[in-house]
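Asker: Here it is, the structure in full.
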Amino acid sequence: MSARRIDVAVIGATGVVGQRFVRRLARHPHFRLVQIAASERSAGKMYGEACAWRLDGESFAGLGREQLLPCTPQAVTAPVVFSALDTGPALEIEPQLAAAGAIVFSNASAFRMEADVPLLVPEVNPEHLALLQAQRAARAWKGGIITNPNCTTTVLVMALKPLDVAFGVEAVHMVSMQAVSGAGYPGVASLDILGNVVPHIRGEELKVEAETVKLLGTLRGAAVVPLAAAVSASCHRVPVVEGHTLAVSVRLKGNPSPAAVAMALAEWTPEPQRLGLTSAPPRALVLHAADDRPQPRLDVEADAGMSVHVGRIRPCALLGIKMCVLGHNTERGAAGGSLLNAELAMAYGFIG
Ligand code: NAP
């Protein structure tokens with residue numbers, strides 16, 4: 001084990017997102033997974049006993065005999081914590097760990113919209129990481145909380161950011177078709193989702209609308225001024241295992257052509273790719289020319305689920321441009337995205 005690696009913990013390690021953290025961290029060059037934790041129901045049990053492992057590859061990423069800890073500051077002492085907790089427990093536990101000195105990379109919605117909490121996608125708004133300093137000062141925390149957005153929002157903003165840079169985004173209408181893994185494990189009952197579409201995901205549309213304009217907003221001093229764009233989201237659960245597909249219409253300043261939009265997306269080389277961060281995919285966006293792509297089954301696992309896919313860029317009679325956008329909800333939209341946040345924080349000198 002390299003002495004240069006930083007000790008990290010995963011809390012919520014037994015869940016859908018937690019398992020992906022554990023698998024990604026099993027062989028990470030900069031982070032060493034030293035603690036795993038879950039609820040009081042699981043604490044004290046071996047990981048292989050408490051966790052319903054649902055990923056391919058080595059079961060429990062080789063940690064089946066590791067003991068799960070409770071999610072308390074007394075037990076979880078690693079300086080960097082990846083949190084895959086649900087929002088309720090995150091509200092209580094993440095500040096305790098941050099106060100005790102940990103930098104917590106959270107997947108929960110609990111703190112995303114707090115003014116002093118970075119809501120981060122490294123390709124989209126790396127400069128927002130600077131909010132961490134204001135957060136520590138305001139809350140007298142030695143550590144801090146850095147969040148990643150809701151999985152649908154992550155996929156959406158990856159496609160919107162280069163268009164905002166090139167043209168300016170004025171209005172967005174998005175209809176999502178979201179995978180069942182987005183609901184955690186065991187998630188949606190099979191009788192509710194097989195052969196069906198559920199046109200409601202609790203709280204999701206408001207999250208997409210609010211988080212998108214924060215992510216695309218401008219950092220001014222110790223706060224983010226949200227992008228002045230109208231965002232309307234309609235979210236649906238569909239019988240797909242992994243991958244959220246979004247039908248996106250967008251109004252851009254200057255009403256550019258589909259070819260100009262495709263070029264702006266294709267030429268985008270954001271910060272993680274420039275820095276060569278470990279979890280950054282070679283191409284942040286993959287553009288598809290075929291009329292029937294991207295598709296979850298064919299495309300979502302490419303680049304370990306970290307690329308976002310865009311296809312069917314065409315004129316929209318209402319807003320000017322429409323396109324299909326696809327991304328991996330539990331990798332790019334959760335564990336992989338959060339790990340990339342930590343790699344960016346390390347590259348910027350916030351940890352290590
Ligand atoms: P999940 O499968 O239901 O897992 C939840 C985890 O939290 C489990 O490890 C569970 O441990 C633990 N937990 C529950 N109650 C707890 C408590 N009171 N104290 C400590 N730990 C507790 O959920 P998930 O889908 O992985 O989602 C985790 C978080 O990521 C959520 O905030 C979710 O909104 C967010 N997120 C999920 C996705 C996605 O696509 N799934 C995408 C982006 C963000 P036990 O096994 O011991 O109960």
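The values are calculated or read from the model by the stated rules, or taken from the named source; none is laboratory data. Keep in mind that what you see is a predicted model, and the values were worked out from it rather than measured. Cβ sites come from the backbone with ideal geometry, for glycine too, and all protein chains shown count toward neighbours. These area figures cover heavy atoms from the full protein model, side chains too; ligands, DNA and RNA do not enter into them. Shrake-Rupley method; radii C 1.70, N 1.55, O 1.52, S 1.80 Å.
Asker: Mind checking which aspartates and glutamates have their Cα closer than 14 Å to the Cα of residue 45? Skip sequence neighbours fewer than 8 apart in that chain.
Answerer: Counting by Cα, and skipping residues close in sequence, residue 45 has these aspartates and glutamates nearby: 66.
Asker: Also, quick follow-up: Can you give the local net charge around residue 277? Use residues other than it whose beta-carbon is closer than 12 angstrom to its beta-carbon, Lys and Arg +1, Asp and Glu -1.
Answerer: Overall, the nearby charge balance is -2.
Asker: Which of rounded, prolate, oblate describes segment 151-329, given a ≥ b ≥ c as roots of the alpha-carbon gyration tensor eigenvalues and a/c under 1.5 marking rounded, otherwise prolate only if a/b is larger than b/c?
Answerer: The shape class here is rounded.
Asker: Shifting gears a bit: Applying the Karplus parametrisation 6.51 cos²θ - 1.76 cosθ + 1.60 with θ = phi - 60° to the phi angles of segment 165-170, what ³J(HN,Hα) value in whole Hz is obtained for each residue in order, glycine and proline being reported as x?
Answerer: The phi angles translate into 5, 6, 10, x, 8, 10 Hz.
Asker: Going through segment 126-215, which trypsin sites (Lys or Arg not before Pro) have at most 13 other Cβ atoms within 10 Å and a DSSP loop state?
Answerer: Qualifying residues, ordered by number: 142, 202.
Asker: So what is the relative contact order of the chain, in percent, for Cα pairs below 8 Å that sit 6 or more residues apart?
Answerer: Worked out over the chain, it gives 17 percent.
Asker: Leaving ligands, DNA and RNA out of it, report the carbon-plus-sulfur percent of the accessible area of the chain at a 1.4 Å probe.
Answerer: 53
Asker: Please give the FRET efficiency for residue 54 paired with residue 202, using the beta carbon to beta carbon distance and R0 = 22 Å, rounded to the nearest 0.05.
Answerer: Calculated transfer efficiency: 0.45.
Asker: Still on this structure: How tilted is helix 87-99 with respect to the longest principal axis of the chain? Cα atoms for both, answer in degrees (0 to 90, nearest 10).
Answerer: 60
Asker: May I ask for the distance between the Cα centers of segment 212-251 and segment 262-339, given as a whole number of Å?
Answerer: 14
Asker: Of the residues 168, 305, 337, which exhibits the maximal mean-square fluctuation in a Gaussian network model of the chain defined by a 10 Å Cα contact cut-off?
Answerer: Between 168, 305, 337, it is 168 that shows the largest mean-square fluctuation.
Asker: May I pose another question? Count neighbours as other Cβ atoms within 10 Å of each site's Cβ, and list the GluC sites (Glu not before Pro) in segment 39-145 that are DSSP loop with at most 11 such neighbours.
Answerer: 40
Asker: Does anyone have the angle between helix 204-215 and the longest principal axis of the chain? Alpha-carbon axes, 0 to 90°, nearest 10?
Answerer: Value to nearest ten degrees: 90.
Asker: What are the residues whose amide H is under 5 Å from the amide H of residue 32, where those residues sit 5 or more places off or on another chain and H is modelled from the backbone?
Answerer: Long-range HN contacts for residue 32: 6, 7, 8.
Asker: Note down the magnitude of the dipole of segment 151-329 about its Cα centre, charges +1 on Lys and Arg C-beta and -1 on Asp and Glu C-beta and zero elsewhere, to the nearest 20 debye.
Answerer: The calculation lands at about 340 debye.
Asker: What does the charge count around residue 13 come to, taking other residues whose C-beta lies under 11 Å from its C-beta (Lys +1, Arg +1, Asp -1, Glu -1)?
Answerer: That works out to +1.
Asker: Also, quick follow-up: Just 38, 140, 166 to compare: in a GNM of the chain, with alpha carbon springs under 10 Å, which one fluctuates most?
Answerer: Its mean-square fluctuation being the largest, the pick is 140.
Asker: Now for a separate question. Step through the table entries 161/322; 207/253; 161/214; 214/322, compare each Cα-Cα distance with 18 Å, and write down the pairs that go over it.
Answerer: Check vs 18 Å cut-off fails for 207/253; 214/322.
Asker: Short version: ³J(HN,Hα) in whole Hz for each residue of segment 227-237, in order, from phi by Karplus 6.51 cos²θ - 1.76 cosθ + 1.60 (θ = phi - 60°), x for Gly and Pro, what are they?
Answerer: 4, 7, 9, 7, 10, 10, 10, 10, 10, 9, 9
Asker: Among 149, 122, 296, determine the one that fluctuates most according to a GNM of the chain built with springs between C-alpha atoms less than 10 Å apart.
Answerer: Highest fluctuation of the listed residues: 296.
Asker: Between residue 41 and residue 241, how high is the FRET efficiency from 1/(1 + (r/R0)^6) when r is the Cβ-Cβ distance and R₀ = 25 Å? Nearest 0.05.
Answerer: Efficiency at R0 = 25 Å is approximately 0.45.
Asker: For n ≥ 4 DSSP H runs only, could you compute -39500 (n - 2.57) per run for the chain, divide by its residues and tell me the 222 nm figure to the nearest 500?
Answerer: The per-residue figure over the chain is -8000 deg cm²/dmol.
Asker: Per residue, what accessible area does the chain have, given a 1.4 Å probe and all protein chains present, in Å²?
Answerer: Accessible surface, normalised per residue, equals 41 Å².
Asker: Please compute the net charge surrounding residue 169, taking Lys and Arg as +1 and Asp and Glu as -1 over other residues with Cβ under 12 Å from its Cβ.
Answerer: That sum, taken over residues with Cβ under 12 Å, equals +1.
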